[in-house]
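The values are calculated or read from the model by the stated rules, or taken from the named source; none is laboratory data. Bear in mind the structure is a predicted one, so any value in this text is a computation, not a measurement. Note: ideal-geometry Cβ built from the backbone for every residue, glycine included; neighbour counts use all protein chains shown. Calculation scope for accessible area: heavy atoms of the full protein, side chains included, ligands and nucleic acids excluded. Shrake-Rupley method; radii C 1.70, N 1.55, O 1.52, S 1.80 Å.
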Amino acid sequence: PPAAAVLRDRPPQPGVGSASISRAAPFRVFLAHPVLDGGAVIGVVVLSRTPASIDQALYGKRWEVAGLAAALLLVAGGLALVIAYTVSRPIEAVAAQARAVAAGARATTLPRTRRSAVREADEMWAAIQSMAATLEYRADYIGAFAAEMSHEFKTPLAAIRGALELLADHAATMTEAERATFLGQAGADVARLDRLVRRLLELARAEAPQPRGEEACDIAAVIHALPMPVPVMLEAPTLERQALRVAIGAERLATVIGNLVDNIARHAG
């Protein structure tokens, strides 16, 4: 007959701890193996064993488990260092650059962030560089614009002040033509200031456009309706023969063309 194995229940074994040499499993394994001689069974070898419980098995391998835990901790610490070096440090550098831009640093003074293993960190650096360059351009533009506007406002204001002072001091001795000349000059300077103020408002609206409906106009019609300080000739005969419409309101296009022609008249002669 072949060998056979069987499990037998065991009664509970109180007082058996993890370090005990006794086994605390609730079953016992029996194995019977026949001893054969010439095909005849002359005996049976019977073995019995109570396996260790899970607690006893872990306690017996406690040093191996502790070594494995230490190795896992070392691996986890190494991974944390790698992540800190490849991810956290570049992101911290990018954050420092963002704080520098917020404090007024120029794009040319920002140090190049070390290339990171994380693509997003490099993209953040490029975005901050672009943002800093845009802010610099806008700051330079606003500074130049403020200086130009200051000069533009000073000239008519000085002329108005001078005309009013002359009228206040010598109006009684002036002829009617002289008083009309000074008043006309003052009126022209007031009109110039009015145009400057309107341009500032138009620039503010252009910087922050509001949603508008569909607008369109004919370029030639707008140009012909404008009072031009310099001769303007439409180069393309098509503009004379048929309408060429553009997606902008007639008033806004007239403002753009009027400002352009006025600048040409005043600065180019």
Determine, yes or no, whether VAL82 is under 60 Å from the mean Cα position of the chain (by Cα) and of a type in the set (Val, Ile, Thr). yes
Qualifying positions in region 215-230 - within 10 Å of GLY258 (Cα to Cα) and in contact with a Lys or Arg (Cβ under 9 Å, 6 or more places away or on another chain): PRO229
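Each row is one residue, and each column tells you yes or no for (1) assigned to a helix (DSSP H, G or I); (2) open to solvent by less than 80 Å² (accessible area, probe 1.4 Å); (3) modelled with pLDDT of 80 or more; (4) farther than 30 Å from ARG23 by Cα.
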position: LEU58; (1), (2), (3), (4): yes, no, yes, no
position: TRP63; (1), (2), (3), (4): yes, no, yes, no
position: LEU68; (1), (2), (3), (4): yes, no, yes, no
position: VAL75; (1), (2), (3), (4): yes, no, yes, yes
position: GLY78; (1), (2), (3), (4): yes, yes, yes, yes
position: ALA105; (1), (2), (3), (4): no, yes, no, yes
position: ARG112; (1), (2), (3), (4): no, no, no, yes
All conditions in (1) assigned to a strand (DSSP E or B); (2) surrounded by 10 or more Cβ atoms within 10 Å (Cβ to Cβ) are true of ILE42 except (2)
Consider ASP262 carefully, then state whether it is open to solvent by less than 70 Å² (accessible area, probe 1.4 Å) and modelled with pLDDT under 80. yes
What are the residue pairs meeting all of these: first residue in region 30-47, first residue farther than 13 Å from PRO2 by Cα, second residue among the hydroxyl-bearing types (Ser, Thr, Tyr) and assigned to a strand (DSSP E or B), Cβ atoms under 9 Å, and 6 or more apart or on different chains? PHE30/SER48
Report yes if some residue within region 130-144 is open to solvent by 80 Å² or more (accessible area, probe 1.4 Å), at pLDDT 75 or above and farther than 30 Å from LEU193 by Cβ; otherwise report no. yes
Would you check which residues across region 24-39 are modelled with pLDDT of 80 or more and closer than 17 Å to THR50 by Cα and list them? ALA25, PRO26, PHE27, ARG28, VAL29, PHE30, LEU31, ALA32
Of all residues being open to solvent by less than 60 Å² (accessible area, probe 1.4 Å) and touching a Pro at 6+ places or on another chain (Cβ under 8 Å) in region 2-34, which is nearest to GLN56 (Cα to Cα)? Just the residue, please. ALA25
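Any idea how many residues of region 33-57 are touching a helix residue (DSSP H, G or I) at 6+ places or on another chain (Cβ under 9 Å) and among the hydrophobic types (A, V, I, L, M, F, W, C)?
Going through region 33-57, the residues touching a helix residue (DSSP H, G or I) at 6+ places or on another chain (Cβ under 9 Å) turn out to be 51-52.
Imposing the further condition that a residue be among the hydrophobic types (A, V, I, L, M, F, W, C) reduces the set to 52.
Within region 33-57, residues that are touching a helix residue (DSSP H, G or I) at 6+ places or on another chain (Cβ under 9 Å) and among the hydrophobic types (A, V, I, L, M, F, W, C) number 1.
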For GLN97, only one of the following conditions fails: (1) open to solvent by less than 70 Å² (accessible area, probe 1.4 Å); (2) in contact with a helix residue (DSSP H, G or I) (Cβ under 9 Å, 6 or more places away or on another chain); (3) at pLDDT 80 or above. What is its number? (3)
